[in-house]
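Q: Got a structure here, written out as structure tokens. Questions coming.
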Amino acid sequence: MYPRISLALAAASLLALPAALAQTALTYQKPPAPIEQLLEAAPTPVARLSPDGKTLLIEQPATFPTIADVAQPRYRLAGIRFNPLSNGPSVERYDVALKLQSVTATAPKAIAGLPAKLKAVDAIWAPDSKHIAFVAHATAPAKGLDLWVIDVATATAHHVGTVKLNAVLGPPCQWMPDSASLLCKTVSTTRGPAPKVSDVPLGPDAEESLGKVSPAPTFEDMLKTTTDADIFEYYASSQLQVVSLAGTAKTLPAKGLIERASSSPDGRYALVSIVHRPFSYTFPYERFPLITEIVPIKAGSVKVLLDRPAVDNLPISRDAVEATPRDYQWRADVPATIVWVEAANNGLPMPKDAKVADTIYTLPAPFDGKPTVLYEAPMRVSRGGFGGARGLEWANDHLALVTMSRFSDRKQMIVAIDPSAPGKAITLYSGSSQDRYHQPGSPM
């Protein structure tokens, strides 16, 4: 009995084999039309108001990433995921249409000159409201990220210059205060070939330990080998340039793993942060060693403000911060003054009755004097960065807002300070960060 069953199964298998081999390749199938129309319904457009309050940029986001989008190559290194072909994020929400509309009009108008297959990100208004810059993915077979500018008066767009932008470590461009040029992170024209991944390593991958106990939180997509480190450094490195509306580029003395770059309000300096080796195999790039420096745009020499070592010993607490100065930014209401925050108690969580948890300092150009204490905060100043910190908002010589919080008991405060009279503060809000009914919102 058993041999007959085996022979029968074998015969059935042989009969089925030609049919299996003759199968054609399958393609992606589409759902019924009503379901497809529902899934492909356009998302709600995004409106960006011009600084002068007269014009809206209407952005139409894409629905879902296409198969071509998700099929792009991707590296997962140093806590980020990026596309080596574009020098940008591996997955991002992009716009497929852009329009302009006056706030007094009833309908938007089309913009001429846009790429036929538009994939736009990081649209930003010029300070004078006459132009809009955005980053566009190059149309195949071209690769990379291009800088485009929209002329608001004529509703026309054009490709600016020949530079390729680098957005691996964040948005690549920011308008200069004169509205005639942009400060951009670009791919160096002298960059050589990418590091090759070899199946035969040249040597062992060694990790160094300093023999001290430190917290070890778990992060995704960390560096694992020296080849990983070389690939990350290659694609994340950029050159800082000032690109005019006519397309000419002026190279500034700043290059490397530029995380952020921001122009001073008077346009004379750039505040730049640059990640550098040695890299960590256990923490994302935000905790790698970081140089913060002032780079001259007009004339002068580079001035290093801080060379922060790796942040590898923070307690696992949201109230803990690095012990070194942090959150450098420009004071937005004066020509060129640097502001930063320093933590008390070596950045460790503070007791609830502490009088000073963070101190805010300022230092005007030429950045070689003694800093001034602007305010001593009883809680951690909300984390910020260059030109847009929610922790610090600048109005004028007599008004700035400071937002601070403490995670342990969900406490939040917003105070008004007078930059011309350091030390004085008026409490505008004090309550729970989870009490959305009574929170005043974000200042504008």
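The values are calculated or read from the model by the stated rules, or taken from the named source; none is laboratory data. Please read all numbers here as calculations on a predicted model, not as lab measurements. Here the Cβ positions follow ideal geometry from the backbone for every residue, glycine too, while neighbour counts run over all protein chains shown. Heavy atoms of the whole protein, side chains included, go into the accessibility calculation; ligands, DNA and RNA do not. Shrake-Rupley method; radii C 1.70, N 1.55, O 1.52, S 1.80 Å.
Q: Which one is farthest from residue 126 (Cα to Cα) among residues in segment 156-166 that are part of a loop (DSSP other than H, G, I, E, B) and open to solvent by less than 10 Å² (accessible area, probe 1.4 Å)? Break it down stepwise before answering.
A: Restricting attention to segment 156-166, the residues satisfying the condition of being part of a loop (DSSP other than H, G, I, E, B) are 160-164, 166.
Subset that is open to solvent by less than 10 Å² (accessible area, probe 1.4 Å): 160, 166.
On the way: 160: 15, 166: 20 Å.
This residue is 166.
Q: Which ranges mark the strands (runs of 3 or more DSSP E) fully within segment 249-308 that have 3 or more residues being open to solvent by less than 50 Å² (accessible area, probe 1.4 Å), touching a residue at least 40 places away in the same chain (Cβ under 8 Å) and within 23 Å of residue 368 (Cα to Cα)?
A: Of the strands (runs of 3 or more DSSP E) lying wholly inside segment 249-308, those with at least 3 residues that are open to solvent by less than 50 Å² (accessible area, probe 1.4 Å), touching a residue at least 40 places away in the same chain (Cβ under 8 Å) and within 23 Å of residue 368 (Cα to Cα) span 249-263, 269-275, 290-296.
Q: Which residues, counting only those in segment 202-241, are part of a helix (DSSP H, G or I) and either at positive phi or among the hydrophobic types (A, V, I, L, M, F, W, C) (or both)?
A: Correct list: 229, 231, 232, 236.
Q: Which one of these is touching a residue at least 24 places away in the same chain (Cβ under 8 Å), closer than 23 Å to residue 182 by Cα and of a type in the set (Val, Ile, Thr): 111, 80?
A: Working: 80 fails: closer than 23 Å to residue 182 by Cα.
Just a single option satisfies the conditions, and that option is 111.
Q: Do we find that residue 374 is buried (at least 19 other Cβ atoms within 10 Å of the Cβ) and at pLDDT 95 or above in this structure? Let's see the steps before the verdict.
A: Working: buried (at least 19 other Cβ atoms within 10 Å of the Cβ): yes; at pLDDT 95 or above: yes.
So residue 374 fits the description; yes.
Q: Give segment 385-434 a look and list any residue that's polar (S, T, N, Q), under 18 Å from residue 329 (Cβ atoms) and open to solvent by 60 Å² or more (accessible area, probe 1.4 Å), or say none.
A: The one that is polar (S, T, N, Q), under 18 Å from residue 329 (Cβ atoms) and open to solvent by 60 Å² or more (accessible area, probe 1.4 Å): 396.
Q: Just the residues that are open to solvent by 40 Å² or more (accessible area, probe 1.4 Å) and among the aliphatic types (A, V, I, L, M), please, taken from segment 76-96. Show your work before the answer.
A: Of all residues in segment 76-96, those open to solvent by 40 Å² or more (accessible area, probe 1.4 Å) come to 76, 81, 85, 89, 91-93, 96.
Scanning segment 76-96 gives 85, 91, 96.
Q: Next up: Give the number of residues within segment 97-108 that are open to solvent by 70 Å² or more (accessible area, probe 1.4 Å) and modelled with pLDDT of 95 or more.
A: 3
Q: Any idea which residue in segment 43-70 is most open to solvent (accessible area, probe 1.4 Å), counting only those that are at pLDDT below 95 and of a type in the set (S, T, N, Q)?
A: Filtering segment 43-70 for residues that are at pLDDT below 95 and of a type in the set (S, T, N, Q), the one most open to solvent (accessible area, probe 1.4 Å) comes out as 66.
Q: (1) open to solvent by 60 Å² or more (accessible area, probe 1.4 Å); (2) within 27 Å of residue 167 (Cα to Cα): which one isn't true of residue 73, the others all being true?
A: Unmet for residue 73, out of (1) open to solvent by 60 Å² or more (accessible area, probe 1.4 Å); (2) within 27 Å of residue 167 (Cα to Cα): (1).
Q: Test of understanding: among 269, 285, 234, which residue is hydroxyl-bearing (Ser, Thr, Tyr), more than 21 Å from residue 362 (Cα to Cα) and over 16 Å from the mean Cα position of the chain (by Cα)?
A: Result of the check over 269, 285, 234: 234.
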